[in-house]
1. Taking the stretch 94-139 as the region of interest, how many residues are more than 20 Å from M76 (Cβ to Cβ), more than 14 Å from the chain's Cα centre (by Cα) and among the β-branched types (V, I, T)?
2. Can you tell me which residues in the stretch 83-120 are under 22 Å from D55 (Cβ atoms), touching a strand residue (DSSP E or B) at 6+ places or on another chain (Cβ under 9 Å) and of a type in the set (D, E, K, R)?
3. Name every residue in the stretch 25-59 that is away from the ligand (no atom under 13 Å from the Cβ) and without any contact (Cβ under 8 Å) to a residue 40 or more places away in the chain, in order of residue number.
4. Quick one: in the stretch 74-89, which of the residues that are β-branched (V, I, T) and within 7 Å of the ligand (Cβ to nearest atom) is surrounded by the most Cβ atoms within 10 Å (Cβ to Cβ)?
5. Within the stretch 119-133, is even one residue surrounded by 10 or more Cβ atoms within 10 Å (Cβ to Cβ), away from the ligand (no atom under 16 Å from the Cβ) and of a type in the set (S, T, N, Q)?
6. Of the residues in the stretch 26-58, how many are farther than 22 Å from V111 by Cβ and either aliphatic (A, V, I, L, M) or crowded, with 19+ Cβ neighbours inside 10 Å (or both)?
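Every number in this text was worked out from the coordinates using simple rules, so none of it is lab data. Note that this is a predicted model, so its numbers are computed, not measured. As a convention, Cβ positions derive from the backbone with ideal geometry for all residues, glycine included, and neighbour counts pool all protein chains shown.
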Amino acid sequence: MRISSLLESKGSVVVTIGADATVAEAVAELENHRIGALVVSADGVHIDGIVSERDVVRALGHSGGDVLDHSVRSIMTTEVVCVSPDAEVESLSATMTDHRIRHVPVLEDGVLAGLVSIGDVVKSRIGELEKDRKELVEYITAR
Ligand code: AMP
């Protein structure tokens with residue numbers, strides 16, 4: 001299955017935050033939307049970075065509670081791994097494993113077009129496997 005098909009069922013809304021927002025504001029957004037990462041973007045279209053709950057936990061462990069007043073810019077990752085809508089979900093699964101990341105923004109012509117989490121990938125792969133299983137059972141029982 002292609003990433004574009006996955007986005008058709010999941011939707012293309014991406015929650016973003018500006019780099020100058022505080023870590024406390026980022027935490028509030030993660031909590032409000034019940035998500036694990038925010039794309040950092042000034043205009044909601046171009047990507048400046050990504051900040052995940054893991055970055056927050058690392059910063060808390062390193063600097064303590066003061067980090068909540070620091071900027072998102074100070075803890076975000078700027079080299080963002082992205083995926084094209086034409087890519088296959090299976091290859092994205094390998095990319096996530098190789099880079100040890102659980103969130104990948106979808107870029108179409110340089111513009112933010114969605115975000116795929118490891119949960120979306122697992123759901124899609126299980127759906128495909130279940131479809132294959134049903135087809136095999138039908139094939140066997142029809143003989
Ligand atoms: P995650 O597993 O997605 O919560 O993120 C683990 C670490 O990888 C954090 O430092 C994130 O900022 C970073 N990260 C998450 N997603 C990406 C991505 N698509 N590209 C680059 N780094 C990322």
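1. Residues meeting the conditions: 2.
2. R102
3. A28, E29, E31, N32, H33, R34, A42, D43, listed by residue number.
4. Among residues in the stretch 74-89 that are β-branched (V, I, T) and within 7 Å of the ligand (Cβ to nearest atom), the one surrounded by the most Cβ atoms within 10 Å (Cβ to Cβ) is V80.
5. Yes: one or more hits.
6. 7
Each row is one residue, and each column tells you yes or no for (1) under 22 Å from G119 (Cα atoms); (2) part of a helix (DSSP H, G or I); (3) of a type in the set (F, W, Y).
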residue	(1), (2), (3)
L6	yes, yes, no
S12	yes, no, no
L38	yes, no, no
G64	no, yes, no
